[in-house]
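Working notes, structure below.
The values are calculated or read from the model by the stated rules, or taken from the named source; none is laboratory data. Keep in mind that this is a model prediction, so the values were computed, not measured. In this analysis, Cβ positions are derived from the backbone assuming ideal geometry, glycine residues included, and neighbour counts consider all displayed protein chains. Side chains are part of the model used for accessible areas, which takes the heavy atoms of the whole protein and leaves out ligands, DNA and RNA. Shrake-Rupley method; radii C 1.70, N 1.55, O 1.52, S 1.80 Å.
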Amino acid sequence: MAITWCAAFFFYKTHRPLGDKFLTATVVAAYVTCSDDFAVGFPVIDSLYRDRANMGIYITWNSLMGATFFIPLLTVLFNIGVGLQPHAQDSCESIGLNGTNKWLKIIRGILLNPVILATIAALLYKTMFGYTLVDNGVSLSMPHPWSDMLTIVTSQFGSCALFLTGTSLSTPKATLTPILLVIMKVIVCAYVTYAFGSLFIGSGVSLATTLENFTFLYGMIPTSSAPLIFCAQYAPETSGLVATAILSGLVLAGPMMYGAAFFLENADLDMAAVLANVVLTTMVVSVICGIVVITLIAYMFRAWGCGNEQRTLLLSYALVVLVYDALTIAISIEPGNMGCTEFRVRNGWSTMAILMCGLQNAARFILTSMQIRSFMSYRASSSSRDGHGMAMLIVSLATGFLVSLLVFPNTLREVCNVNTGSSTVEHKSIGANVAWSIILLVATLTLQAMILARRNKSMASGGELPTSNSIQSAPLNSTVNSLALFSILRYFMQVINSGKVLFGSAVKGAFAQMLVVENMMEHGQLIILLVILIQSEACLMHEGAVPEHILLRLWRKEQLS
């Protein structure tokens, strides 16, 4: 919640007034906080754990915590945002309120909010008339006929919330912002809850493995329609964004929860063979998409020319990832598993492993070079033809193969353990991989934050006409930003999974699905690149192909995204 709020406040449309940014950040925080526990989560969890444990208790407690802590906290933040809006400040100035009185007005709005009043009233009722509450075995409820009256009043919430979702959604747009919101809620929250579950659930606890698996499933429950109520009341301009994210979250959560049901239903079985099949299928599809991407770029490279180095780096990135995936496919389908046998006999330091690791890290460094170029493009004096791009490419390739002498390639360890019949991922010398994943995550995240800050600062300078370089670079900068954000997500998964491997873990239950998702992200980079190119229209941006006014419009679109 805190990470999402800060990201939205500091990097999403920062040219707006302070109050609007505050309200939008709070709406986004509400999106990742309000899970659809009972309508979506409870039926799936009940069907999986009905005969093993009463997981409904944990759902009830989480809902109670949300109602008593997160919702009041969100209400406080919304009221602060309303107080910071320009019209609220002008109203205070017109009646002569100073700074202290402004905050007193905000505090009064918080205390008189219906959510806060209802929470206080419920606490007072339980303190004074708690003996009248009825214990139904899971929670306490009001006595009859009051409980019946409350049921009649609240039973319409679900249908009204769904109706509000439909009316708030205009034409669905597959933009980056709602996709990131969905990823934060369905994937990142699942990994974070699993990490905290593994950390705080001791090995001696009864049903420890079951509880760890449950935390992963609970974290991927999609968002309910509740955030739309906050949108309608505090930030109506975000209703379309949130409605799109809610419906997209249901689309992504469907296969994620189906996969979780499959893996958790067979939590005691070795899922290594399933992991191998998913990895192989993903790589084959990725190679096909990579051929399409490279063919598309090669077809237009004549018009681009070799002068624009950002485009040269993008083509090099696609080529390196294509070769890397092809080598992994060769190892996966190799008769006799000779490559994996050499990998295990030499404790990871085989020729094929070093080559794969070099290509894997070379692609990472090429992406870092594209981020640096994107950062430099926001300078007025920058040029797309300064001669540094080719040097960056050579350094990226050399550095990638140097790093391959220190760490193992991600996902190859799992693939080779599968092919040699082992159900447990070995953890010898995996510490270097954990440290390297953390470095990649921090470095890429920091560099991306610097790019967004430089872009926002460039916009805040006010009214300056864009340079020809920034216009030409706008679509590619958008592509690089999208690739970097997906890479941050992949590094985040690798940090958690590598940490789990460090302490030894079998390819079973939730951990098997976590490895599947990581492998799909690792070997599906070309699929993601193809989708990003089509969405961003970067493949159309070559010199002389698009009129200047179209380029200017795309530059403004990239600046406001």
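Of the residues screened, Ile294 is not one that is modelled with pLDDT under 85, within 21 Å of Asn410 (Cα to Cα) and either buried (at least 17 other Cβ atoms within 10 Å of the Cβ) or touching a helix residue (DSSP H, G or I) at 6+ places or on another chain (Cβ under 7 Å) (or both). Evaluate region 95-107: report whether one residue or more is modelled with pLDDT of 75 or more and over 30 Å from Ala243 (Cα atoms). The answer is no; no qualifying residue exists.
Take Leu124 and tell me if it is assigned to a helix (DSSP H, G or I), of a type outside the set (Gly, Ala, Ser), out of contact with any Pro (no Cβ under 9 Å at 6 or more places or on another chain) and at pLDDT below 80.
Details: assigned to a helix (DSSP H, G or I): yes; of a type outside the set (Gly, Ala, Ser): yes; out of contact with any Pro (no Cβ under 9 Å at 6 or more places or on another chain): yes; at pLDDT below 80: no.
So Leu124 fails the test.
Would you point out the residue of region 129-163, among those that are of a type in the set (A, V, I, L, M, F, W, C) and closer than 30 Å to Phe216 by Cβ, that is modelled with the highest pLDDT? Step by step, filter region 129-163, then rank; the result is Leu140. All but one of (1) in a helix (DSSP H, G or I); (2) touching a residue at least 40 places away in the same chain (Cβ under 8 Å) hold for Phe42, so report the exception by its number. Of (1) in a helix (DSSP H, G or I); (2) touching a residue at least 40 places away in the same chain (Cβ under 8 Å), only one is false for Phe42: (2).
Do we find that Thr14 is closer than 24 Å to Gly249 by Cα, modelled with pLDDT under 75 and open to solvent by 30 Å² or more (accessible area, probe 1.4 Å) in this structure? Criteria not met by Thr14.
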